[in-house]
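Asker: Got a structure here, written out as C-alpha cells. Questions coming.
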Amino acid sequence: MAVDLWRFWAAPVAREVMPSTAMKKKVLLMGKSGSGKTSMRSIIFANYIARDTRRLGATIDVEHSHVRFLGNLVLNLWDCGGQDTFMENYFTSQRDNIFRNVEVLIYVFDVESRELEKDMHYYQSCLEAILQNSPDAKIFCLVHKMDLVQEDQRDLAWSSIVYQLIPNVQQLEMNLRNFAQIIEADEVLLFERATFLVISHYQCKEQRDIHRFEKISNIIKQFKLSCSKLAASFQSMEVRNSNFAAFIDIFTSNTYVMVVMSDPSIPSAATLINIRNARKHFEKLERVDGPKHSLLMR
C-alpha cells in the first residue's frame, strides 16, 4: 500500500522532572544469569537497540532504576542478578528486603537453558517467597532470549505487564472509547511517552494485523532514537494515502496518541483540533489521586 504523504515534527529535548508525590510500584525482574533480563529492560526502558545489548555485562546483586509512567505512577525496577550465589541470598538473608511490597514479579526463563531442574527450583522458591511477603503481587513468567524473540512479541508482553499496573486504566479506556466515537475515528491508540508501549486502545473497525501496535511502536522508537542523535525530540507525525490518514501526536505530558481515520470528508485540521481539545481532559485522568472525570458523548 503506497503512502502519499508523510509529515513529522521534532523539537529540542526538554529535561523532565519526576514529581515529588509519585506513586511507586515495586517490580521484581528475576531469572537465571544470561536469560536476557537486563537486555530486555534496557531495550524497553532505556531505548537500547538489540545489538547494543551485547555489550551489557552480568548484573551484580540488584540494580535499581525508576521509570515514570502516566504522571504519578513510577515503576521501581529491581533487576536481580541471576548467579547462583545471589539467588541463594535472595531466598535467605535478603528474603524480606527483596520480596516485600512487590506489585509485580517478572520471572524470565532462558529458552536455551540446559538446567531446567535448577531453573524450576529457583522459580518455585520465588513463588513461595512472594506468597509469604507479597501475597497480592501479580506474577508474569516469560520464556525468553533476546536474539530469538521478535520485537513485536517482546513489546506485547511488556505492554500487558504495564497495563496491570495502571490504577485507573478502566476509566482511561472508557474515555478513549468516547473520544474515538466523538471524532468518528476508526481506531485510537494511547502510547506511554518514554517507552512507546501501548497502554490503551479502542477500535471501531476490525483490523487485520493483530501485531500492528507493536510494529508501530518499534517504528516510532527507532525514529525517536534518530531524533535524539540530533538533540531533538519527536513530536508528531501524519501519514496519509488514498485509504486512510494516521496522526501520531503528543497527547499529555506522559503519552502520545495515534488516531486513524478513513473518512475522506474529515479534513486533517479537524482531527488535529479534536486531539488538541481533548488533551486537557486526559491530563486530568492521569492524576491518580484526582477527581473522576468522564468525556461524555455529545
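Asker: What order, most packed first, do the peptides 84-93, 210-219 have when packing is the mean number of other Cβ atoms within 10 Å of each residue?
Answerer: Ranking the peptides 84-93, 210-219 by packing returns 210-219, 84-93.
Asker: Given R₀ = 51 Å, what would the calculated FRET efficiency be for Ser93 paired with Glu206, taking r from the Cβ atoms and rounding to 0.05?
Answerer: Computed FRET efficiency for Ser93 and Glu206: 0.40.
Asker: May I pose another question? Counting only Cα, what are the radius of gyration and maximum Cα-Cα distance Dmax of segment 169-287, in Å?
Answerer: 13.8, 39
Asker: For the pair Glu112/His64, report the inter-label distance in nm, with labels modelled 7 Å from Cα in the Cβ direction.
Answerer: Here the modelled spin labels are 3.3 nm apart.
Asker: Ok, one more. Of the peptides 241-252, 267-278, 193-204, how do they stack up when ordered by the mean number of other Cβ atoms within 10 Å, highest first?
Answerer: Per-residue Cβ counts within 10 Å, averaged per peptide and sorted highest first, yield 193-204, 241-252, 267-278.
Asker: Using the basic label-point model (7 angstrom from Cα toward the beta carbon), what is the Ala231 to Val169 distance in nanometres?
Answerer: 3.9 nm
Asker: Can you bin every Cα-Cα distance in segment 227-289 into 10 Å intervals starting at zero and give me the percent of pairs per bin, rounded to whole numbers?
Answerer: Histogramming segment 227-289 at 10 Å steps yields 19, 42, 29, 9, 0 percent.
Each reported figure results from applying straightforward, stated rules to the coordinates on display, with no laboratory input. Everything quoted here is computed from the prediction, not taken from an experiment. Note that each Cβ is placed from the backbone with ideal geometry, even for glycine, and that neighbours are counted across all protein chains shown.
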